[in-house]
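See structure below.
The values are calculated or read from the model by the stated rules, or taken from the named source; none is laboratory data. Model, not experiment: these values are computed from the prediction. Because the Cβ atoms are built from the backbone with ideal geometry, glycine has one as well, and the counts that use them run over all protein chains shown.
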Amino acid sequence: MGAYSDHLITAFQKGTPQDRFDQRYVEIRARSVVVATGCIERPLLFENNERPGVMQVGCAHRLARTYGLLPGKTAVFSVGHDLGIEAAIDLFDLGVEIAGLADIRQEGQDPKLMAALAQRRIPILRGWVAARAPWGCASE
C-alpha cells in the first residue's frame, strides 16, 4: 500500500473463495485524498510512571469495556484531550471512583463533558498535569 504524488493510491485486494485470484495489485487515481491515520495516545513521562496501577487512559478504558475488568477502585486522571475526560466519565459510570482529573489545558474542554464532570462531582484541575506517582499507587 502506498500514497504517491498526483493522488495515486496503491493497494492489494484479497480474493474471496469465489474469485480467480488470491491477491491482486490495484492502482487508484483519486480526485482527492484524505489521510486519516487515527490517534496515537502518547504516554505521560513522570516519576514512577512504570509502577503497577499507572496506565494510559486508553488501556484502562479498554480493560473495562473489552474485558469487563475495572482498572481499580479509585483513579486519578491526567489528560490532555477530551477523550480522556470521556473515559473518566465512562469509568465513573462503571463504578470507578474518580478522585480527580488533571487536564493540562487551561481551556478548550467540551462544555458538555465539563457539565458531566460537575454532575458526577468529579473534581477537575485545569492547567495541571501529573508530575509523580506515589510508590504505593497500585489499585487494591
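Taking segment 111-130 as the range and being at pLDDT 95 or above and part of a loop (DSSP other than H, G, I, E, B) as the test, the residues that pass are 120, 121, 122, 123.
Considering (1) of a type in the set (Phe, Trp, Tyr); (2) surrounded by 14 or more Cβ atoms within 10 Å (Cβ to Cβ); (3) not in a helix (DSSP H, G or I), the lone condition that residue 21 does not fulfil carries the number (2).
Each residue in segment 94-110 was checked for being outside any strand (DSSP E or B) and in contact (Cβ under 8 Å) with a residue 24 or more places away in the chain, and 7 of them qualify.
For segment 48-82, the tally of residues that are surrounded by 16 or more Cβ atoms within 10 Å (Cβ to Cβ) and part of a helix (DSSP H, G or I) stands at 6. Considering 12, 46, the condition of being touching a strand residue (DSSP E or B) at 6+ places or on another chain (Cβ under 6 Å) and either of a type in the set (A, V, I, L, M) or assigned by TED's automatic domain parsing to the domain that holds residue 104 (or both) is satisfied by 46 alone. Does residue 133 satisfy the condition of being hydrophobic (A, V, I, L, M, F, W, C), within 24 Å of residue 48 (Cβ to Cβ) and touching a residue at least 60 places away in the same chain (Cβ under 8 Å)? Judged against the criteria, residue 133 is a match.
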